[in-house]
Each structure stands twice: as structure tokens, then as C-alpha cells.
1. Regarding A91, is this residue under 11 Å from the mean Cα position of the chain (by Cα) and among the small types (G, A, S)?
2. Could you list all residues from the range 1-60 that are under 24 Å from the mean Cα position of the chain (by Cα), assigned to a loop (DSSP other than H, G, I, E, B) and without any contact (Cβ under 8 Å) to a residue 40 or more places away in the chain?
3. Exactly one condition in (1) open to solvent by 30 Å² or more (accessible area, probe 1.4 Å); (2) in a helix (DSSP H, G or I); (3) in contact (Cβ under 8 Å) with a residue 60 or more places away in the chain is not met by L123; state its number.
4. May I ask you to verify whether R197 is basic (K, R) and free of Cβ contacts under 8 Å to residues at least 24 places away in the same chain?
5. Quick check on the range 118-137. Is at least one of its residues under 23 Å from E168 (Cβ atoms), of a type outside the set (A, V, I, L, M) and either in contact with a Cys (Cβ under 7 Å, 6 or more places away or on another chain) or at pLDDT 95 or above (or both)?
6. Out of the range 66-87, which residues are under 13 Å from A116 (Cβ atoms) and buried (at least 16 other Cβ atoms within 10 Å of the Cβ)?
7. Among residues belonging to the range 144-182 that are of a type in the set (F, W, Y) and within 21 Å of P79 (Cβ to Cβ), point out the one that is most open to solvent (accessible area, probe 1.4 Å).
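The values are calculated or read from the model by the stated rules, or taken from the named source; none is laboratory data. Keep in mind that what you see is a predicted model, and the values were worked out from it rather than measured. All Cβ positions, even for glycine, are placed from backbone atoms using ideal geometry, and neighbour counts span all protein chains on display. Side chains are part of the model used for accessible areas, which takes the heavy atoms of the whole protein and leaves out ligands, DNA and RNA. Shrake-Rupley method; radii C 1.70, N 1.55, O 1.52, S 1.80 Å.
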Amino acid sequence: MAPKIKYTREEMVAAAMRVVREKGIDALTAKALASELGVSTQPVFTCFHTIDEAKREVRIAAEKVHEHYVTVGLQMPIPFYGIGMQYIRFAQEEPQLYRLLFLTTNDEGQNSVMDALHHAQDLVRESLQQTYHIDALNADRYFRDMWLVVHSLATLIVTGDCPYSEQEMGQILTGFSVSICMAIKEIPGFAENKFDRDAVFQKLVE
């Protein structure tokens with residue numbers, strides 16, 4: 001007779017999320033999940049065929065958590081700035097989930113960094129165009145470059161090597177924002193990488 005499942009799949013995933021949030025994805029084993037639930041490993045393998053299946057479910061749940069942060073960012077007065085700051089906040093408040101999504105490869109040997117970039121880029125493109133009076137190409141270039149800075153700061157936070165306060169990070173983002181916007185406005189062909197770099201730098205140092 002098949003054993004009676006004490007916990008639903010959703011409850012199993014929630015327990016797995018608690019393990020990962022505290023100790024990271026590598027700590028998620030059948031034994032660790034069973035211990036979190038206070039059961040033997042048998043119900044775990046009744047619910048999940050393998051522990052890798054449980055890890056895939058946790059990754060999906062983590063993506064939903066991150067999407068909530070994105071939604072909050074979009075509701076801020078400046079949506080593209082809000083998304084960037086929420087990405088950083090996600091790293092601060094959910095470091096293990098950040099590691100899982102953006103510093104750990106999935107079954108296909110990829111992580112979600114570029115997917116997150118392109119998804120956010122699509123969401124804020126129109127806002128950027130309206131705010132800075134630029135076309136879609138320049139908006140995408142602006143956001144890509146800013147995203148690389150945001151990702152760097154968030155990764156420093158998660159690895160425990162970020163010396164900057166939230167105010168200082170905001171100042172860093174503002175500095176890059178001004179620089180990129182000025183380059184887009186004042187250097188023809190900047191977004192397409194079709195400009196005379198030597199001439200631009202020569203003018204800057206004169």
C-alpha cells in the first residue's frame with residue numbers, strides 16, 4: 001500500500017524554499033528537506049522523483065519572488081530606476097535566491113542574468129524613451145549599460161564585499177546615468193558603436 005502523503009507538493013516546495021533561503025541551493029538534499037518537514041525521506045521521494053526535481057521547483061518559486069520585486073520597481077515614480085534599485089534590494093533581502101537565479105547555472109548550463117536584463121529592458125523601454133526623449137535603440141543601450149552596473153553592485157552585496165551604503169549606491173547609479181545619457185545625446189552613433197573613439201577621447205582630454 002502506497003504511503004500516505006502528509007504534505008502537499010506546494011508545502012514541500014515551501015519547505016524547500018526555507019532550506020535554500022537559509023543555506024543555499026547546494027544544501028537542499030532529501031535529508032535536509034525531510035528534516036525541515038519533520039518526516040523521513042520517503043514522503044520527499046513520493047512527492048519528487050529526484051531532488052533535482054525539487055530544485056527546479058525552487059528555482060521557479062524564486063523567479064516568482066524576484067518578479068514581485070520587479071513589479072514593485074515598476075510602480076515607482078521612475079520605473080527604470082525603480083527596477084534597478086529593486087534588483088539591488090532583492091540581493092540584500094534574498095541573497096541565496098539571488099545566488100540561485102543569477103550566480104548559479106541551471107540544467108542547461110545557463111543562469112537568468114541575461115533573461116532578467118532583456119525582460120526588464122522590455123518593461124522600461126517606453127518609459128526611458130519618454131523621460132530622456134530618445135529612440136528605442138538608445139533606450140536599450142542606456143538600460144543595458146546601467147544594468148551591468150546594477151548587477152555588479154548586487155553581486156558585491158551577495159558575495160559580502162560591497163562597501164557602499166544604499167545612498168552611495170544611488171549616487172553611483174546617478175553618476176553612470178548622467179554619463180551614459182550625455183554620451184547618447186552628444187556622441188552621434190554612440191548606441192551603434194559607430195563613432196570615432198580616438199577623436200572623442202582627444203576632445204575630452206583637451
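1. Spelling it out, A91 is indeed under 11 Å from the mean Cα position of the chain (by Cα) and among the small types (G, A, S).
2. Answer for the range 1-60, where residues must be under 24 Å from the mean Cα position of the chain (by Cα), assigned to a loop (DSSP other than H, G, I, E, B) and without any contact (Cβ under 8 Å) to a residue 40 or more places away in the chain: just L28.
3. In the conditions (1) open to solvent by 30 Å² or more (accessible area, probe 1.4 Å); (2) in a helix (DSSP H, G or I); (3) in contact (Cβ under 8 Å) with a residue 60 or more places away in the chain, L123 misses (3) alone.
4. So R197 passes the test.
5. No, the range 118-137 contains no residue that is under 23 Å from E168 (Cβ atoms), of a type outside the set (A, V, I, L, M) and either in contact with a Cys (Cβ under 7 Å, 6 or more places away or on another chain) or at pLDDT 95 or above (or both).
6. Within the range 66-87, H66, Y69, V70, G73, I83, G84, Q86, Y87 meet the criteria.
7. Ranking the candidates gives F176 first.
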